[in-house]
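Notes follow the structure.
Any read-out appearing in this document is the output of simple, stated calculations on the displayed coordinates, not a laboratory observation. Please read all numbers here as calculations on a predicted model, not as lab measurements. Using ideal geometry, Cβ is built from the backbone for each residue, glycine included, and neighbour counts are taken over all protein chains shown.
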Amino acid sequence: MQKPLTLGIAGLGTVGAGLLQLLDQHKDRLAERVGRQLRVGGVSARTRNKDRGVGLEGVAWFDDPVALATDPGIDVFVELIGGSDGVAKAAVEAALKAGKPVVTANKALIAEHGLALARLAEEKGVALNFEAAVAGGIPVIKTLRESLSANVVRRVYGILNGTCNYILTTMTEEQRSFDEVLKEAQARGYAEADPTFDIGGFDTAHKLAILTSLAFGTEIAFDEIHVEGIESITQADIEAAEDMGYRIKLLGVAMKTASGIEARVHPAMVHRDSAIAEVSGVTNAVAIDADFCGSLLLIGPGAGAHPTASAVAGDIVDIARGSLVAPFLTPTASLKPYKRTKLGEHQGAYYVRLSVYDRPGAIASIAKRMGDREVSIESIVQRRPPGMGAKRAPGAPALVVMITHETTEEAMRLAVDAIEQDGKVSERPQVIRIEKLNGDDRS
């Protein structure tokens, strides 16, 4: 058996503690599978005397993660601190410069600095592994980087944030408001005290940026992704979607087009009988369309101590076995510059919710604005507001829902702008894309 592989672990929060437990409980099994012991030689965290479910006797303590990253007794540096900059970035850079392989679960770090870190890893001939940075326990990075390396990927999309999926699922199943469900998610620990990063779509965008680079061989470009969150989704939208055979999900979607890469994060309506629609609670799902393997759908826990620790451990095992793959599959020198497709070129059908003043000619004016931009309306229905009974309150605007035929994003947005400017609606119209999924021939 080879000499032990010594790990330095920085960050002993939920995932770090889970990793310590996994390495302790499965140490003999891991040694048999990789032909060497995996031992923790040093750790770094904010609090030294915290119960983490496993003893740290004999393990060196480092107050400075950078010192741990460069310690001569450490073979592999594991970064579980989090954050795109600061000490996490400094420690990972220091480890790579010292010629040490790095394993990280830090999506923000990889999405914002992954290209520079990958170049450094390639220069030093060491691994930079980040399976746990996207979708927790789902092995989507390995799937793209290894299993599908001989395929041309056409599209990758999915539910990449458990907090948003929990909120939308609960709103659907329990007919409750966004604000009420968000407070519950915070109480259960699914959402942070400041939930903006999750509900604003930025967490999903970080993950999508990583998947986009792996799938299409482009330089990572987090800042080029169109991002919308779920803050504007109301119970009226949830009920309308259900009645029309849809469910609303926050999706990250990246695909190749004739003019570049279309990468976007936004709420989308998906058909209720699709596999994605059935993904509930905090579960994640990633779908990949490729030329030779066809369509794959990976579903599983997107966060949590054990699933994420499992992904981190898988990356460590690869290093222990001597596996070395370019961080983004394609060597950084061969990655193509990211060329963004204009969002206005996107084509699809749309759901539009309008709060229309009860005035003669209002609906006709709205239809005309749609027609002016060559947006064809498939259906238009007046709905009762949620909780208002069969009739709306006197003087209250009418709730009108439209479904369009396929059109361009640009035409749709111009039509909505014109409708709002005409003063026939009491608030900004709600627009949600209807996403066509694999095997779905309906618009």
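Things worth noting here:
- Projected onto their three principal axes, the Cα atoms of the range 5-133 cover extents of 36, 33, 26 Å, largest first.
- Rounded to the nearest 20, the size of the Cβ-charge dipole of the chain about its Cα centre is 360 debye, with Lys and Arg at +1 and Asp and Glu at -1.
- Counted charge near residue 370, where neighbours are those whose Cβ lies closer than 15 Å (Asp, Glu -1; Lys, Arg +1): -3
- Mean Cα-pair separation over length for the range 345-434, i.e. relative contact order, pairs under 8 Å, 6 or more apart, %: 50 percent
- Sites residue 174 and residue 405, calculated FRET efficiency, Cβ-Cβ separation with R0 35 Å, nearest 0.05: 0.60
- Remark: relative contact order (the chain) = 16 percent; criterion is Cα-Cα distance under 8 angstrom and separation of 6 or more residues.
- When you restrict to C-alpha pairs under 8 Å that are six or more residues apart and normalise by the size of the range 140-301, the relative contact order lands at 34 percent.
- Note on the chain: antiparallel DSSP beta bridges, both residues inside, total approximately 70 percent of the bridges counted.
- In a reduced charge model with +1 at each Lys and Arg Cβ and -1 at each Asp and Glu Cβ, the range 5-133 shows a dipole moment near 140 debye about its Cα centre.
- Take 35-47, 278-290, 129-141 and order them by the average number of nearby Cβ atoms within 10 Å per residue, most first; the result is 129-141, 278-290, 35-47.
- For the chain, the Rg and Dmax computed from alpha carbons only, in angstrom: 24.3, 84
- Charge sum, other residues only, whose C-beta stays under 15 Å from residue 89's C-beta, Lys/Arg counted +1 and Asp/Glu -1: -2
- Taking 212, 218 and counting other C-beta atoms within 10 Å, the order from fewest to most: 218, 212
- Helical content alone sets the calculated 222 nm signal of the chain at -10000 deg cm²/dmol, taking -39,500 (n - 2.57) per DSSP H segment of four or more residues and averaging over every residue.
- Start at zero, step by 5 Å, and the Cα-Cα distances of the range 140-301 spread as 2, 9, 19, 21, 19, 14, 9, 5, 2, 0 percent across the bins.
- For residue 349, the residues whose modelled amide H falls within less than 5 Å of its own, excluding neighbours fewer than 5 places apart on the same chain, are 407, 434.
- Per residue, the convex hull around the alpha carbon atoms of the range 116-173 comes to 131 Å³.
- Residue (of 356, 377, 121) at the positive-pole extreme of the chain, dipole from beta-carbon charges: 121
- Only Lys, Arg, Asp and Glu carry charge here, each on its Cβ (+1 for the first two, -1 for the last two); on that basis the range 140-301 has a dipole of about 640 debye about its Cα centre.
- The largest-to-smallest principal axis extents of the Cα set in the range 345-434 are 41, 24, 18 Å.
- For the cross-link pairs 107/436; 3/207; 97/342, the ones whose C-alpha atoms lie over 29 Å apart are 3/207; 97/342.
- Using the Cβ-Cβ distance between residue 291 and residue 339 with R0 set to 22 Å, the FRET efficiency from 1/(1 + (r/R0)^6) comes to roughly 0.60.
- The packing ranking of peptides 248-254, 299-305, highest mean first, is 248-254, 299-305, where packing means the average number of other beta carbon atoms within 10 angstrom of each residue.
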